[in-house]
Amino acid sequence: MTQNSSKNSYRQIMKATSIFGGVQVFNIIISIGRSKILAILLGPAGIGILGLIMSTTKLISSLTNFGLGISAVKEIAVAFELGDEKQLSKTIVIVKRWIWYTGIFGAILTIILSPFLSELTFGNKDYTIAFVWLSITLLLNQLTSGSFVFLQGLRKLKYLAKANVIGAASGLLVSVPIYYYMGVDGIVPAMIFTAILGFLVAFYFTKKVKTTPVPVSFKETKTKGKSMLIMGFMLSISGIMVLGVSYVIRIFINNNGGVEDVGLYNAGIAIISTYVGLLFTAMETDYFPRLSAVVHDNEKAVDLINQQAEIAILILAPVLIVFLVFVDWIITILYSSEFIPIKEMIYWAAIGMFFKVAAWVVAFFFIAKGASKLFFWNELVTNIYTLILNLVGYYYWGLAGLGISYLLSYFVYLIQIYTITKNKYNFNFTPSVVKIFLLQFLLAIVCLLTTKLFSPVWSYSIGSVVILISMYYSFIELDARLNLKDLMAKYLKK
């Protein structure tokens, strides 16, 4: 790859990340507000109930949406890249139809299984009607997902960003009064109204994109949709397994530690996976379609993966180090002092995120290649040892054990996925990726040790210095790839 094309690729990665980084910053603010409100109005027990309900509906959704959010993006992105307008229009029509089919299927299945879901999740049938009402959200969320797939595949990133921002803000505005007046009883109504608003916002932006209408027969819808469903379902099994593992863990915690521990676990996962993980979402939005478009050329694909890995680590590392240093403050700001027991969990999970980000960029290789069987077996093995490590970790060491299991799971996963892609696709991390990873990881370990060995005053002082070093190093490396100083100078002159 030439130097100019390499810089253009880095800039495309950074442009998409900055667009959705801004969206995710806004979403973080919304999430902080929502988390703070829920912590005050519902407490750990209420958040535990909400977590159990959400994990159940997400599991059913993953089982019934057949992974169209993954396979459909790939199909639309490939058709868009080829410039075949007729094929693109046909693909869009077929995707829209199957989004409706799968959404209705998920809603009906939830209604039928509602007594069983209540009994399995809470040990009684008290939540049967709640799950019946929540069936509405499965249909609406699938339709919303379909709109996002459409915008993402066509690279309408600004519309997608606006839909995310407005949807998140409107969801918060409608849910706060409900929780204020209804407390725990407001969980189901708040979820329903949030889903309605999210759907309306996504539908509005989808309508702004004009496509050429083409006739597509039911037979063609069935034939072409079948291949998308098969590939999507095989790929979505990973998400299903993750949700299944998460569901079993929450039930295990509820049975062994109580609903308050479930609430604490939800808060810890939200902090490390949602607030920090939002950066993954920001990068994934553009990364997957771009990788799908070049995956036929192995050399280009490997280059893109390494470039994405460099940008991801350089952006994420300083954020993780801030979490390590100021975890007490962050927990109190995001939730309340009642949630301080999760700090040990966050310490270890933050270190684990370094391994997650490295594995994350490589894992998309399987999906873009359409290697669904390989992806399935890889994820099956991963989720088996992840579940075992989580159950053992919580049983012996409580919430801290869940953080340790998070770290160990992603360490093993990185080794596993790197070995497979190296042998099958001749993939290698470049020396640049390895250098960036090792230096930032070392800085994170220094922060972890200072929090364990020194008083708060010293740990904050040393940690603040390490944060500055990490940020400076990231800036220097990003400037070498993107000419940040020149871009900033041009921006300031405007």
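Please report the spacing between the Cα centers of region 300-363 and region 384-439 in Å, no decimals. Cα centres, region 300-363 to region 384-439: 13 Å.
Which whole-number percent of Cα pairs in region 124-167 have a distance greater than 17 Å? Result for the distance tail: 48 percent. Each label was represented as a point 7 Å from its Cα along the Cα-to-Cβ direction; for E338 and S227 these points are 5.4 nm apart. Summarise the long-distance tail of P(r) for region 177-221 by giving the % of C-alpha pairs beyond 13 Å. Cα-Cα pairs of region 177-221 separated by over 13 Å account for 69 percent.
Among the listed pairs K210/K369; K58/K356; K96/K125; K156/K222; K36/K162; K369/K435, those whose Cα-Cα separation exceeds 31 Å are K96/K125.
Charge dipole of the chain (Cα centre as origin; +1 on each Lys and Arg Cβ, -1 on each Asp and Glu Cβ, all else neutral): 1640 debye, rounded to the nearest 20.
Size descriptors for region 291-432: radius of gyration and Dmax over Cα atoms are 17.2, 52 Å. Measuring only protein heavy atoms, the 1.4 Å probe finds Y395 accessible over about 150 Å².
Placing R0 at 41 angstrom, the Cβ-Cβ distance between Y385 and V457 gives a FRET efficiency of 0.55 after rounding to 0.05. In the complete set of protein chains, residue-level accessible area for L374 is approximately 50 Å², probe 1.4 angstrom.
Shape analysis of the chain based on the Cα gyration tensor places the equivalent ellipsoid semi-axes at 32, 31, 22 Å, largest first. Based on protein heavy atoms only, the chain ends up with 44 Å² per residue of surface accessible to a 1.4 Å probe. Tell me the carbon and sulfur percent of the accessible area for region 376-494, rounded to whole percent, probe radius 1.4 Å. Heavy-atom surface of region 376-494 belonging to carbon and sulfur, 1.4 Å probe: 75 percent.
Which shape class applies to region 434-486: rounded if a/c is under 1.5, otherwise prolate when a/b exceeds b/c and oblate if not, where a ≥ b ≥ c are the square roots of the Cα gyration tensor eigenvalues? Oblate is the answer for region 434-486, as a/c is 1.5 or above yet b/c matches or exceeds a/b.
The values are calculated or read from the model by the stated rules, or taken from the named source; none is laboratory data. Just so we're clear, the structure is a prediction, and the values are computed from it rather than from any experiment. Neighbour counts run over all protein chains shown; Cβ positions are idealised from the backbone, glycine included. Heavy atoms of the whole protein, side chains included, go into the accessibility calculation; ligands, DNA and RNA do not. Shrake-Rupley method; radii C 1.70, N 1.55, O 1.52, S 1.80 Å.
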